[in-house]
Amino acid sequence: MGPSQLSRRNLLAAGGAAGALVAAGPAAHADGSEDGGGRDGRGGRRLRTGFDRLAAGGYAPLAGQRVGVVTNPTGVTSAVRHVVDVMHGDDRVDLTAVFGPEHGFRGTAQAGGSEGRYDDPATGLPVYDTYQKSGRPLADVFTASGVDTVVFDIQDAGARFYTYIWTLFDCMESAALARKRFVVLDRPNPITGRAALGPVLDPRFASFVGRRPISQVHGMTVAELALLFNGEFLAEGPVELEVVRMSGWRRSDFFDASGLPWVPPSPNMPTPETALVYAGTCLFEGTQASEGRGTTRPFELLGAPGVDWRWAEAANGLGLPGVRFREAHFAPTFSKHQGKTVGGVQVHVHDRASFDPVRTGIGLLVTARRAWREFAWLATNPTWIDKLTGSTTVRTMVDAGAGTDEIVGAWQTELAAFRAVRKRYLRY
């Protein structure tokens, strides 16, 4: 099923409590707390996250509810206090549980790991593990926790294969099964909400790095994605959903315009600049080349044994907008090629407004194959690249020697169809 076959359910016509949806409008409450949002240094514009506005409004959507929060270390206020700690100390909200995603609630686990079930030492709250749980098993976790409302507050990175948006999706589906309310607190898309880019997932390749047919760069906030998921994709029908929007955010904003603190949402996402290139260079997870894990510049450094200056030269020769490539040599301290000195490139974005991460990722795959004689897909999982890109198209076209423009052109029809669906759920 391609994007043109996406469900067109009209959420507002669904009716009933289970289909009800409320999207908070512009900020209506004065914010006198310390958690009042960031300032844009360019003009003093103030951004309030969904949590900021929820707290400023006295937690009205949570009144009389036993509340559980799906969150991780990114769930912080502008004063760098965790929202769990803030709510736990506030009598206006009955916080009774925390749900941890991949990497865990406190963020101690590496990729592909979680922290398991435990009681949080700081608050005493039970922490439940959601990682690799979905459907009825996750619904049973929500039921066992005793909560009435599940709140989601996690910073996304803007790419389809960043798993927190699928934690959101799984939690929404399971909350519908468990008949729980669901509230999404919005945060900025760090790489802007300007456009959807890249190939759209073929549902036959669905996995935890892509459950449903959206584009590789979705250009949406988590609240907008929640609206999209609820309107198009939930197998059990819409969950009772409320989203609390931000105020002061513009679709053209990169993360630094928010004035908010950046907390790494996962161990290999140390800066907003990482998120910008990750949306394209994460494709190298599907190759034998290092994607920079085990260095201080993950996803900016790419390399493998036997690669030399020719890759950087070939990549620069593509004339990709907003980016240049430097010959680089590094020795990853863990992950692929651990302890070995490898050659490759460092990605330097010099004009982020014109930079296209997906085109850049494809251009790097094309030039790597031409400049590196031993280029190969990931030996332990040769079709992992298909999960990341959403189909066999990229892999087979790269193997056939296709150029960057030809490969990017291959997904434009499906991308246009997704953009038409996406447009209905944009709220900023």
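We did not get these values from a lab; they are worked out from the coordinates using the rules stated. Fair warning: this is a prediction, and the values are worked out from it, not measured in the lab. Reconstructed Cβ throughout: ideal geometry from the backbone, glycine too, with neighbour counts over all protein chains shown.
Tabulated data
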read-out: Segment residue 79-residue 354, extension gain: residue separation times 0.36 nm, minus the distance between their alpha carbons; value: 95.8 nm
read-out: Nonlocal amide H pairs with residue 94, under 5 Å, H built at 1.01 Å; value: 65, 67
read-out: Whole-angstrom gap from region 207-264 to region 149-196, using each part's C-alpha centre; value: 6 Å
read-out: Segments 184-192, 409-417 sorted - mean Cβ within 10 Å per residue, highest first; value: 184-192, 409-417
read-out: Whether region 272-391 is rounded, prolate or oblate, judged on the alpha carbon gyration tensor where a/c under 1.5 counts as rounded; value: rounded
read-out: Sorted peptide list for 231-242, 272-283, 133-144, criterion being average Cβ within 10 angstrom, highest first; value: 272-283, 231-242, 133-144
read-out: Built amide H within the under 5 Å cut-off of residue 128, gap 5+; value: 98, 99, 100
read-out: Max mean-square fluctuation residue, GNM over the chain, Cα-Cα springs under 10 Å, options 285, 374, 102; value: 374
read-out: Proximal aspartates and glutamates to residue 336, defined as alpha-carbon separation beneath 16 angstrom and excluding residues fewer than eight positions away on the same chain; value: 285, 291, 300, 374
read-out: Most mobile listed residue (214, 407, 154) in the chain, GNM with C-alpha springs under 10 Å; value: 407
read-out: Residues 170, 119 arranged by fewest to most Cβ contacts within 10 Å; value: 119, 170
read-out: Residue-count net charge about residue 335 - beta-carbon cut-off 14 Å; Lys, Arg +1, Asp, Glu -1; value: +2
read-out: Within straight-line cross-link reach of residue 180, aspartates and glutamates at Cα separation under 17 Å, skipping those fewer than 8 residues along the same chain; value: 94, 140, 148, 153, 170, 236, 240, 242
read-out: Ordering of 253-262, 358-367 by burial proxy (mean other Cβ atoms within 10 Å per residue, highest first); value: 358-367, 253-262
read-out: Under Karplus coefficients 6.51, -1.76 and 1.60, residue-wise ³J(HN,Hα) of region 344-354 in Hz, glycine/proline x; value: x, 9, 10, 8, 10, 7, 10, 9, 5, 5, 9
read-out: Lysines whose Cα lies under 30 Å from that of residue 340, excluding same-chain neighbours fewer than 8 positions away; value: 387
read-out: Euclidean distance between Cα centres, region 331-401 to region 302-319, Å; value: 11 Å
read-out: Approximate shape of region 293-340 as ellipsoid semi-axes (Cα gyration tensor, √5λ), whole Å, largest first; value: 22, 12, 7
read-out: Total formal charge among the other residues, if their Cβ is under 13 angstrom from that of residue 305, Lys/Arg +1 and Asp/Glu -1; value: +1
read-out: Likely footprinting exposure, 340, 180, 387, fewest C-beta neighbours within 10 Å first; value: 340, 387, 180
read-out: Kirkwood hydrodynamic radius of region 40-100, from inverse mean 1/r over distinct Cα pairs, in Å; value: 12.6 Å
read-out: Per-residue HN-Hα couplings for region 126-134 [Karplus 6.51, -1.76, 1.60; θ = phi - 60°; Hz; x = Gly/Pro]; value: x, 10, 9, 8, 9, 4, 6, 10, 7
read-out: Relative contact order computed over the chain (Cα-Cα under 8 Å; 6+ residues apart), in percent; value: 17 percent
read-out: Two-site label geometry, residue 424 and residue 235: point separation in nm, points 7 Å out along Cα→Cβ; value: 2.2 nm
read-out: J(HN,Hα) series, region 74-84, from Karplus relation 6.51 cos²θ - 1.76 cosθ + 1.60, nearest Hz, glycine and proline x; value: 6, x, 10, 7, 5, 8, 6, 9, 6, 5, 5
read-out: Estimated 222 nm signal from helices in the chain, with DSSP H stretches of n ≥ 4 weighted -39500 (n - 2.57), rounded to 500; value: -8000 deg cm²/dmol
read-out: Which of 300, 291 has the fewest Cβ neighbours within 10 Å, and the rest in rising order; value: 300, 291
